[in-house]
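J.: For reference, the structure I am asking about is given below.
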């Protein structure tokens, strides 16, 4: 493996320390943040073909 | 055995009882529906089936890896590619499953007599963690060796070292390739059948009569 991915991955893990009781690797924190972003996107982005309002809300009863 | 005066529904044979019970609880239109309630048209409902797709990728790539062996998947280009398909399939499997879990947790998906569906999902999650762990142990590289020796101390510390030996590659290979995928597969089938039986859980504020797409 070579290139920027190799430079990024083939090194010892970097850790973030919160106070003295919690530490987490940058890569694990990134995965958690990505999952949270996907979760938020799944809630917020409209599904194709979904009806956003019922007929009564649009006034065409 | 059915006599001339009995209908197939009257038969006391276990096959007839099982068939009648299946038809009562999970008729074919529930098992293979072609419509879903309107509230299912949301991206958050997609992550269960995405988890299944990743699971199929893991099963197929894992089967190829098991047949060809480490001498192939550590050295050849195609072997490394299939190995990567397996590894990244697992990463996506867990990401999809965690988002699925969050979505179902926040919509309280155990409502409406769906407790068993929720519990089988939880058990599948735990079985997946065990499967992933044993997968890391049979990479046949220094990483696997390091994890196995750390895990050995952990297992000994909690008193189960006599039963689980992470350094025993034969035991771990059996658990990873046969036992846990079988357990996970059976639980997943049960989970999906329960979803089919009860239907997809509605949002907490879903209005009655909003079932049609």
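The values are calculated or read from the model by the stated rules, or taken from the named source; none is laboratory data. Source: prediction; values computed, not measured. Every residue, glycine as well, gets a Cβ built from its backbone with ideal geometry; the counts of neighbours run over all protein chains shown.
J.: Considering only residues that are over 20 Å from the mean Cα position of the chain (by Cα) and in contact (Cβ under 8 Å) with a residue 24 or more places away in the chain, look in region B:53-86 and name the one that is nearest to residue B:118 (Cα to Cα).
T.: Top of the filtered list is B:70.
J.: For residue B:38, which of the numbered conditions (1) within 30 Å of residue B:176 (Cα to Cα); (2) within 14 Å of chain A (Cβ to nearest Cβ) fails to hold?
T.: (1)
J.: Moving on. Could you check region A:39-61 and list, in sequence order, the residues that are at pLDDT 85 or above and not in a helix (DSSP H, G or I)?
T.: Matches in region A:39-61: A:45, A:46, A:47, A:48.
J.: Residue by residue through region B:105-117, note down the ones that are in contact with a helix residue (DSSP H, G or I) (Cβ under 7 Å, 6 or more places away or on another chain) and crowded, with 16+ Cβ neighbours inside 10 Å.
T.: At the first step, the residues of region B:105-117 found to be in contact with a helix residue (DSSP H, G or I) (Cβ under 7 Å, 6 or more places away or on another chain) are B:109-110, B:112-114, B:116-117.
Passing the criteria: B:109, B:110, B:114, B:117.
J.: Now, a different point. Could you check region B:34-52 and list, in sequence order, the residues that are within 21 Å of the chain's Cα centre (by Cα) and either in a loop (DSSP other than H, G, I, E, B) or free of Cβ contacts under 8 Å to residues at least 40 places away in the same chain (or both)?
T.: Residues satisfying the conditions are B:43, B:46, B:49.
J.: When you go through A:30, A:36 one by one, which is the residue that is within 14 Å of chain B (Cβ to nearest Cβ), at pLDDT 80 or above, closer than 30 Å to residue B:38 by Cβ and assigned to a helix (DSSP H, G or I)?
T.: A:36
J.: Of (1) surrounded by fewer than 20 Cβ atoms within 10 Å (Cβ to Cβ); (2) touching a residue at least 24 places away in the same chain (Cβ under 8 Å), residue B:90 satisfies all except one. Which?
T.: Evaluating residue B:90 over (1) surrounded by fewer than 20 Cβ atoms within 10 Å (Cβ to Cβ); (2) touching a residue at least 24 places away in the same chain (Cβ under 8 Å) leaves (1) as the failure.
J.: I would also like to ask the following. If you go through region B:33-51 one residue at a time, how many are modelled with pLDDT of 90 or more and closer than 19 Å to residue B:190 by Cα?
T.: Total meeting the criteria: 7.
J.: I'd like the full set of residues that are surrounded by fewer than 13 Cβ atoms within 10 Å (Cβ to Cβ) and in a helix (DSSP H, G or I), limited to region B:155-195.
T.: Passing the criteria: B:157, B:170, B:178, B:182, B:189.
Condition check ((1) in contact (Cβ under 8 Å) with a residue 40 or more places away in the chain; (2) within 14 Å of another protein chain (Cβ to nearest Cβ); (3) touching a strand residue (DSSP E or B) at 6+ places or on another chain (Cβ under 7 Å); (4) not in a helix (DSSP H, G or I)) across all residues:
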| site | (1), (2), (3), (4) |
| --- | --- |
| B:94 | no, yes, no, no |
| B:98 | no, yes, no, no |
| B:101 | no, yes, no, no |
| B:119 | no, no, no, no |
| B:134 | yes, no, no, no |
| B:145 | no, no, no, no |
| B:148 | no, no, no, no |
